[in-house]
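Visitor: This is the structure I want to talk about, given as structure tokens.
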Amino acid sequence: MKDETVLYHSINGVAHITLNRPDQINAFNIDMRDSLFQTLELFRDDTESKVAIISGAGERGFCAGADLTEFGTAPSQVIARTVRWERDLWGLFLDIQKPLIAKLHGYVIGSGVEIAALCDIRIAADTSIFRMPEVALGMIPAAGGTQTLRNLVGLDRAMEMIMTNRVVKAREAIKIRLVDRVVSEDILDSSAEVIAGGLTKIEPKLLASIKSSVRRGLDLGLERGIQHEKRNSYHIAQNN
């Protein structure tokens, strides 16, 4: 699939989804939102692709956040953001039953952090820099960041990151569980491929069941979450 703002190709069961505005450090605009929505639908329905790696084109970073120049073309920031919500891109992330790996490098800002947080596994280069700048713009995160960031790093750290707009470097990101693995930049690609390749060898229905058990458990509470896990386990056993 060819697209100006999002690229898609798949090989050996691994789909590669690339944010492709490198001159703008892959700043997230409406075109990219629409293209990413369509690309995620393509991955969801692609029977040959068992796992996806999401990355950003260019050397400067994964995603520099929302494209602020786009806000200036709308009557207000509120209207600009409303346009972004017309398609439930973030809900689509959560609905996909296949594993999503975020491959992060350079600047991972605002929407970039939120996209990564909606993935299942986050691997980052040791040069990565994370920041949530919305408060400096008089806004709050609007791509699920107040929820997903809290789930990753805990309530206190999420509050502090969002309220202070401070820089979090890769070494700290792994300590606070913002990312799952940190590797040197020269082996970032190969490290992500190894993880993805391992996942392609696992039965897709089993991976889907694991995602359902873990994610739905966040909303169900411990007791009901365990019951949901047991149902999933029974269903997998019955179909093996």
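The values are calculated or read from the model by the stated rules, or taken from the named source; none is laboratory data. What you are looking at is a predicted structure, and each value in this text was computed from that prediction instead of being measured. We place every Cβ from the backbone using ideal geometry, glycine too, and count neighbours over all the protein chains shown. Only protein heavy atoms, including side chains, enter the accessible area calculation; ligands, DNA and RNA are left aside. Shrake-Rupley method; radii C 1.70, N 1.55, O 1.52, S 1.80 Å.
Visitor: Using the Karplus curve 6.51 cos²θ - 1.76 cosθ + 1.60 with θ = phi - 60°, work out ³J(HN,Hα) for each residue of region 93-110 in order, rounded to whole Hz, and write x for Gly and Pro.
Guide: Using θ = phi - 60°, the values come out as 3, 6, 7, 5, 8, 8, x, 10, 10, 8, 9, 10, 8, x, 6, 10, 10, x Hz.
Visitor: Would you mind getting the accessible area per residue of region 1-65, heavy atoms of the protein chains only, 1.4 Å probe, in Å²?
Guide: Per residue, region 1-65 has 44 Å² of solvent-accessible surface.
Visitor: Identify, among Gln147, Gly91, Ala136, the residue whose Cα sits farthest towards the positive end of the charge dipole of region 89-160, taking +1 on the Cβ of Lys and Arg and -1 on the Cβ of Asp and Glu, with the dipole about the Cα centre.
Guide: Farthest towards the positive pole: Gly91.
Visitor: List every residue whose amide H lies under 5 Å from the amide H of Phe28, counting only residues 5 or more places away in sequence or on a different chain, with H placed 1.01 Å from N in the peptide plane.
Guide: Ala64, Gly65, Ala66, Asp67
Visitor: Within region 91-217, what whole-number % of the accessible surface is contributed by carbon and sulfur, with the 1.4 Å probe and all protein chains included in the calculation?
Guide: With neighbouring chains kept in place, the figure for region 91-217 is 57 percent.
Visitor: Something else now. Quick check: convex hull of the Cα atoms in region 151-200, volume per residue, rounded to a whole Å³?
Guide: Each residue corresponds to 91 Å³ of Cα convex hull volume.
Visitor: Residues with amide H under 5 Å of Ile53's amide H, sequence separation 5 or more or different chain, H placed in the peptide plane at 1.01 Å from N; which?
Guide: Ala15, His16, Ile17, Ile101
Visitor: Hey, got the dipole for region 108-162? About the Cα centre, +1 on K and R Cβ, -1 on D and E Cβ, debye to the nearest 20?
Guide: Dipole magnitude for region 108-162 comes out near 20 debye.
Visitor: Under the Kirkwood approximation applied to all pairs of distinct alpha-carbon atoms, what is the hydrodynamic radius of region 1-58 in Å?
Guide: Value: 11.3 Å, from the Cα pair sum.
Visitor: Between the DSSP loop rule and a limit of at most 15 other Cβ atoms within 10 Å, which GluC sites (Glu not before Pro) in region 1-63 are left?
Guide: Here the GluC sites (Glu not before Pro) that fit, given the DSSP loop and packing criteria, are Glu4, Glu48, Glu59.
Visitor: Sorted by average packing, counted as other Cβ atoms within 10 angstrom per residue and highest first, what order do 126-135, 26-35 take?
Guide: 26-35, 126-135
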